[in-house]
Amino acid sequence: MKVIIIGSGIVGASAAYHLVKNNTEVMMIDKNHQGAATSAGAGIVCPWISSVEDADWYKIAKQGANYYPELISQLKEDNEENVGYKKVGALRIGTDSDELDRIENEVRTKQKDAPELGDIERLTPTEARELFPPLHEGMEAVFVSGAARVDGRLITDAMKRAAQKHGAKLVNGEAELIHERGRITGARVNGEKFYADAVLLTAGAWSQKLLAPIGIDLKVESQRGQIAHIKLSATDTSNWPVVLPKGSHYMLAFDDSRIVAGATRETGAGFDYRTTVGGVHEVTTEALSVAPGLAEGTLQEVRVGFRPLGPDVLPILGELDNVKDVVVATGLGASGLTMGPYVGALAASIVTGEEVDLDLTAYNPMRAIKITN
């Protein structure tokens, strides 16, 4: 079987890796767009503490978090060890003790069916600052030890390299779908046609543009996110936990004395690849309100990424009813690095007709499709 994958972000790279390991011939096509969500994303793997209250989202996000150790093990067998994944735990911080009591109870309830979330501890402000020193003195916390951070660029590059070791090909350029007699037969890139038995669309926020020329309006739009990278002087941040305040903002640390603080959620900004004064103000103000110790850090860079936002909080995953031989996997929104590798593995199984370990009904792409001709 031959499969073309359009888009080699974290979902596409995972799908390619799993397909080639299953003896499938794979060609990845990627435009290398500015603002690809995988490269810009912060990389928090902690679905057990989330503002998203949707059972179907939690099911797939939980599976996504649980899948990482298996994936890391597979990549290690392919001599890919620089993957940017590390379990460092997460702090859900706050000043409202009653609210933290409620969150702690909710996480303990989830622990029964999700032992991978690890240990749960209630921390005093002093204990919380021992783990993340820049925190405000008044911040209590619920600590979840199984949470992890992941560098989207490193894990994606590792999967792409591993896929290529197993025979996958990578073509750089902008793809156009080849649509013949009710099925997708391949893609055209730089004037050259490539044919396959199936095409997998993992093009993130650009997926809608691929389907529009064949009369399919996929309800996926770009949501701009701006994420600040703050460099601390001579500080070992390698084991600092993820920090989750109330709301959608967050912080996490990486090994190079770098703190990532984000992120804006700018729906309607389209593909406007810019760092804005308002965006930088938002993320730095939110960060300093809970971690004033970051004030003397150096603003190293601000990354801009375009999240693929579907009609709801759920990913868009599966086959299309009206066009054969195409599978869509997009719409992960702000959860791309949490569930991306797992969604890619699911997409690979859908393409090859294998059974999957999750009921995919809720993620059916037809809920996000409008036929225009």
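Quick look at the numbers
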quantity	calculated
Sole exception among (1) modelled with pLDDT of 95 or more; (2) closer than 22 Å to residue 179 by Cα; (3) surrounded by fewer than 24 Cβ atoms within 10 Å (Cβ to Cβ) for residue 326, by number	(3)
For residue 357: the one exception among (1) at pLDDT 95 or above; (2) within 28 Å of residue 85 (Cα to Cα); (3) over 16 Å from the mean Cα position of the chain (by Cα)	(1)
Positions within the range 23-61 being within 30 Å of residue 189 (Cβ to Cβ), touching a residue at least 24 places away in the same chain (Cβ under 8 Å) and of a type outside the set (A, V, I, L, M), in sequence order	24, 25, 30, 31, 32, 33, 34, 35, 38, 39, 41, 43
Failed item in (1) of a type in the set (A, V, I, L, M); (2) surrounded by fewer than 19 Cβ atoms within 10 Å (Cβ to Cβ); (3) in a helix (DSSP H, G or I), with residue 52 passing the rest	(3)
The lone exception for residue 322 - which of (1) touching a residue at least 40 places away in the same chain (Cβ under 8 Å); (2) more than 21 Å from the chain's Cα centre (by Cα); (3) not in a loop (DSSP other than H, G, I, E, B) it fails	(3)
Residue match in the range 147-161 (condition: part of a loop (DSSP other than H, G, I, E, B) and within 17 Å of residue 49 (Cα to Cα))	yes
Exclusive hit being surrounded by fewer than 24 Cβ atoms within 10 Å (Cβ to Cβ), more than 22 Å from residue 56 (Cβ to Cβ) and in contact (Cβ under 8 Å) with a residue 24 or more places away in the chain, set 298, 285	298
The range 110-168, subset hydroxyl-bearing (Ser, Thr, Tyr) and free of Cβ contacts under 8 Å to residues at least 40 places away in the same chain, residue surrounded by the fewest Cβ atoms within 10 Å (Cβ to Cβ)	126
Residues of the range 200-235 that turn out to be assigned to a loop (DSSP other than H, G, I, E, B) and at pLDDT 95 or above, as a count	5
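The values are calculated or read from the model by the stated rules, or taken from the named source; none is laboratory data. Here the structure is a predicted model, which is why all the values come from computation and not from measurement. Every residue, glycine among them, receives a Cβ derived from its backbone with ideal geometry; neighbour counts consider all protein chains shown.
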